[in-house]
Amino acid sequence: MSETYLQIIVILLIVLIIAILALIGSFAFMIFRRAEGKSTPSVPLPRSDSAQDKKHEENSRSEEVVREHNSSKPEKNPLAPAIGICFKHPEQIAVSACAICAQLLCENCVREHETLQFCPEHFEMFLNYKWVEIETVATTPQTPERGMYLYEFKERSWNDSGKPSYIMTHYKINVENDLIESYIKLYVREEDIQELKAKIRSS
Ligand SMILES: [Zn+2]
Ligand SMILES: [Zn+2]
């Protein structure tokens, strides 16, 4: 009889020890989480605060996604307008802009050729015409503004006379002075060479 009683006490003690260990463990975990999140003293927070923390974590995670999105874009097209929505799909985030008409494009609408991106319509145009480079400007990181007039000219000739053109940038490392040179080249359709060359001279 007293042996059974002893057994019950031992079992209760074991249960108590396990409960205490679990409590210590969860406290340690909370402190660890706090220390990981911020470098403030590791005082366990009330429940509502840690819920806010969780929300904050989620927010910063979505910010990261947006940042990734932004950082991947300039590589593709350094002159693409700030991120917006697709010209055809208002529910889709734009990932690029057409090299000819500058419309913003979602992943489904963008057509790529090497480093160039086009809308579906102008990708067809790109494939169906012969394109010729009519102007090249060399710039360095110190003189990035040198090529600006080419971008302005491109935009003007598209908006004013509907003449399509696109710009390609080639990079070259000059080993002598260790400069990264870029060559900004304006391409137009073969049939527009004379007209646009004359316009770019007079601009
Ligand atoms: Zn286009
Ligand atoms: Zn789209």
Among residues of the stretch 145-203 being assigned to a helix (DSSP H, G or I) and aliphatic (A, V, I, L, M), the residue surrounded by the fewest Cβ atoms within 10 Å (Cβ to Cβ) is A198
Among the candidates E135, E181, residue that is more than 22 Å from Q194 (Cβ to Cβ), of a type in the set (D, E) and either in contact with a strand residue (DSSP E or B) (Cβ under 9 Å, 6 or more places away or on another chain) or modelled with pLDDT of 95 or more (or both): E181
Evaluation of E135 against (1) in contact (Cβ under 8 Å) with a residue 40 or more places away in the chain; (2) part of a helix (DSSP H, G or I); (3) among the acidic types (D, E) (one fails), failing number: (2)
Condition (residue is charged (D, E, K, R) and not assigned by TED's automatic domain parsing to the domain that holds Q194) applied to the stretch 81-93: is it met by at least one residue? yes
Here is a check on your reading of the model: is E181 among the acidic types (D, E) and either in contact with a Ser or Thr (Cβ under 9 Å, 6 or more places away or on another chain) or within 22 Å of G84 (Cα to Cα) (or both)? yes
Test each condition in (1) assigned by TED's automatic domain parsing to the domain that holds N177; (2) within 11 Å of ligand 2 (Cβ to nearest atom) for T140 and report the one that comes out false. (2)
Going through the stretch 147-176 in order, the residues found to be charged (D, E, K, R) and under 26 Å from the mean Cα position of the chain (by Cα) are E152, K154, E155, K172
Restricting attention to the stretch 173-203, which residues are hydrophobic (A, V, I, L, M, F, W, C) and in contact (Cβ under 8 Å) with a residue 40 or more places away in the chain? I180, I184, L186, V188, I193, L196, I200
How many residues are at pLDDT below 95 and either in contact with a Cys (Cβ under 7 Å, 6 or more places away or on another chain) or closer than 18 Å to E114 by Cα (or both) when one looks only at the stretch 151-167? 0
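The values are calculated or read from the model by the stated rules, or taken from the named source; none is laboratory data. In this text, all values refer to a predicted model and were calculated from it rather than measured experimentally. Here Cβ is always computed from backbone atoms with ideal geometry, including for glycine, and neighbour counts include all displayed protein chains.
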